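Peer 1: Shown below is the structure under consideration.
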Amino acid sequence: MAEDGFKASQEATGDGGRQHHLPVLLQEAIHFLNVRRGGTYIDATLGAGGHAFAIASRLGPQGHLIGFDKDPNAMELARKRLSELGGEPPEVTLIQASYAEVGERIQPASADGLLADLGVSSMQLSDAARGFSFQAEGPLDMRMDPRSERTADQVVNHSDEKTLADVIYEFGEERRSRRIARAIVRARPIRSTSHLAQVVAAALPAMKHSRIHPATTTFQAIRIFVNHELEDLRTLLEAAPRVLLPSSGRLVIISFQSLEDRIVKDAMRDGARKEIYRLLTKKPVTASEEELDRNPRARSAKLRAAEKV
């Protein structure tokens with residue numbers, strides 16, 4: 001069953017049979033970023049480096065790519081991918097940090113474009129040891145940055161019932177949050193992702209014709225809470241107008257669930273009302289039928305873009 005609310009990606013065979021990350025909405029992202037030779041571009045969510053590679057390959061030796069990711073595994077994959085740039089590559093700066101730090105790390109009015117591809121990637125979901133997936137036996141971790149203190153285990157096994165219910169309701173938009181929280185508390189200690197998924201599924205009545213696993217929203221909620229995802233997103237959106245070049249800087253955000261998309265939409269529309277941005281997408285851009293055929297997980301992706309005035 002599908003695990004919604006995560007970055008849609010898959011592996012594609014590159015030169016020499018090596019496996020490379022195929023990012024979602026790649027051509028659309030490049031188009032709305034208006035990537036120009038010699039420019040400075042920020043990829044705030046490097047992942048395996050798919051978007052970053054496409055951007056960097058267009059910049060030339062005078063260009064500068066700055067990449068952020070708080071996941072050290074993703075940083076290593078992106079570093080390897082970018083090392084394969086041919087010709088005269090641009091300057092590349094990789095920073096292991098949350099995109100919430102963009103405003104602190106980047107000089108004001110210095111970037112031609114900023115891209116963020118939100119959510120958890122299929123690369124992270126496929127690694128059972130990370131604890132993101134309910135489809136595999138793994139630890140209750142869910143940290144994108146292993147240096148972070150908060151874990152899924154702390155949330156699941158040590159939060160009081162009301163706090164747990166509030167987390168599931170607010171970050172999972174799950175109307176049955178109280179029933180789920182009650183079941184989790186009664187089943188403690190919960191020691192693995194598969195155990196948690198079983199507890200949640202047993203607490204909920206079967207939904208006829210649903211392709212969505214009943215634990216989907218609970219796992220989404222705990223992951224977002226553990227990683228401060230919505231707070232970090234708001235911080236990034238507040239910083240974006242400061243770091244983008246006036247009259248041309250582009251902001252492109254790809255989201256995968258309604259909470260993220262609502263925050264992005266509101267921030268861009270508010271910026272347009274205040275004459276900070278010119279909206280480039282009145283409605284979100286979604287994956288083409290061709291892309292969906294290659295990568296069905298792209299079905300939930302929504303891209304929004306704006307240009308600094």
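Peer 1: First measure r as the distance between the Cβ atoms of Lys283 and Arg242, then evaluate 1/(1 + (r/R0)^6) with R0 = 30 Å and state the FRET efficiency to the nearest 0.05.
Peer 2: FRET efficiency, Lys283 to Arg242: 0.65.
Peer 1: Let me ask something else. Filter the GluC sites (Glu not before Pro) in segment 203-309 to those in DSSP coil with at most 11 other Cβ atoms within 10 Å of their Cβ, and list the result. Could you put the intermediate results ahead of the total?
Peer 2: Values: sites: Glu229, Glu231, Glu238, Glu260, Glu275, Glu289, Glu290, Glu291, Glu307; in loops: Glu275.
Loop-located and lightly packed - Glu275.
Peer 1: Tilt of helix 258-273 relative to the longest C-alpha principal axis of the chain, in degrees (0 to 90, nearest 10)?
Peer 2: Helix 258-273 sits at roughly 40 degrees to that axis.
Peer 1: Between Arg294 and Gln62, what's the calculated FRET efficiency when r is the beta-carbon distance and R0 is 25 Å? Round to 0.05.
Peer 2: After rounding, the FRET efficiency stands at 0.15.
Peer 1: Quick one: of the DSSP bridges fully inside the chain, what percent are antiparallel, nearest 5?
Peer 2: So the antiparallel bridges amount to about 40 percent of the total.
Peer 1: Given points 7 Å out from each Cα along the Cα-Cβ axis, report the Arg234 to Thr163 separation in nanometres with one decimal.
Peer 2: Output for this residue pair reads 1.9 nm.
Peer 1: Compute the long axis of helix 216-226 from its Cα atoms, compare it with the longest principal axis of the Cα atoms of the chain, and write down the angle in degrees, 0 to 90, nearest 10.
Peer 2: 60 degrees
Peer 1: Loop only per DSSP, at most 10 neighbouring Cβ atoms within 10 Å: give me the trypsin sites (Lys or Arg not before Pro) in segment 156-198, ordered by residue number. Mind showing how you got there, number by number?
Peer 2: Numbers: sites: Lys162, Arg175, Arg176, Arg178, Arg179, Arg182, Arg186, Arg191; in loops: Arg175, Arg176, Arg191.
Loop-located and lightly packed - Arg175.
Peer 1: Could you work out how far apart the two model spin labels at Arg179 and Glu149 are, taking each label as a point 7 Å from the Cα in the direction of the beta carbon, and quote it in nm?
Peer 2: Between Arg179 and Glu149, the label points sit 3.6 nm apart.
Peer 1: Using the structure shown, select from Lys80/Lys265; Lys162/Lys265; Lys70/Lys302; Lys162/Lys302; Lys70/Lys265; Lys80/Lys283 the pairs with a Cα to Cα distance greater than 26 angstrom.
Peer 2: Lys80/Lys265; Lys162/Lys265; Lys162/Lys302; Lys80/Lys283
Peer 1: If you average the sequence gap of Cα pairs under 8 Å that are 6 or more apart and divide by the length of segment 149-226, what percent do you get for the contact order?
Peer 2: The value is 40 percent.
Peer 1: Using a/c under 1.5 as the rounded threshold, could you call segment 24-75 rounded, prolate or oblate? The axes a ≥ b ≥ c are square roots of the C-alpha gyration tensor eigenvalues, and prolate needs a/b larger than b/c, oblate otherwise.
Peer 2: Oblate.
Peer 1: Quick one: what does P(r) look like for segment 212-271 with 5 Å bins over all Cα pairs, in whole %?
Peer 2: 4, 14, 25, 22, 15, 10, 6, 3, 2, 0
Peer 1: Sticking with this structure for a sec: What length, rounded to one decimal in nm, is gained on full extension from Ala201 through to Ser83, with 0.36 nm per residue of separation minus their alpha-carbon distance?
Peer 2: 38.1 nm
Peer 1: Oh, and also: Indicate the gyration tensor shape class of segment 59-107 (rounded, prolate or oblate), computed on the Cα atoms with a ≥ b ≥ c the square roots of the eigenvalues: a/c under 1.5 is rounded; otherwise a/b larger than b/c is prolate and the rest oblate.
Peer 2: Taking the square roots of the gyration eigenvalues as a ≥ b ≥ c, segment 59-107 is oblate.
Peer 1: Here are several values of Cα extents along the principal axes in Å: (1) 59, 50, 39; (2) 54, 53, 35; (3) 56, 38, 34. Which one was derived from the coordinates shown?
Peer 2: (1)
Peer 1: Compute the helix-to-body angle for 177-187: its Cα long axis versus the longest principal axis of the chain, expressed 0 to 90° and rounded to tens.
Peer 2: That helix lies at roughly 60 degrees to the long axis.
Peer 1: A further question follows. In the Gaussian network model of the chain, springs joining C-alpha atoms below 10 Å, which of Pro139, Pro241, Pro108 carries the largest mean-square fluctuation?
Peer 2: Residue with maximal mean-square fluctuation among Pro139, Pro241, Pro108: Pro108.
Peer 1: Shifting gears a bit: Can you tell which of Asp261, Asp166, Asp112 shows the greatest fluctuation in a Gaussian network model of the chain with Cα springs below 10 Å?
Peer 2: Asp166
Peer 1: Return the single residue from Arg294, Arg79, Arg278 with maximal mean-square fluctuation; model: Gaussian network over the chain, springs between Cα atoms under 10 Å.
Peer 2: Taking springs between Cα atoms under 10 Å, the residue moving most is Arg294.
Computed from the coordinates by the stated procedures, all read-outs in this text should not be read as laboratory data. Owing to the predicted nature of the structure, the values given are computational and were not obtained by experimental measurement. Note that we place each Cβ from the backbone using ideal geometry, even for glycine, and neighbour counts take in every protein chain shown.
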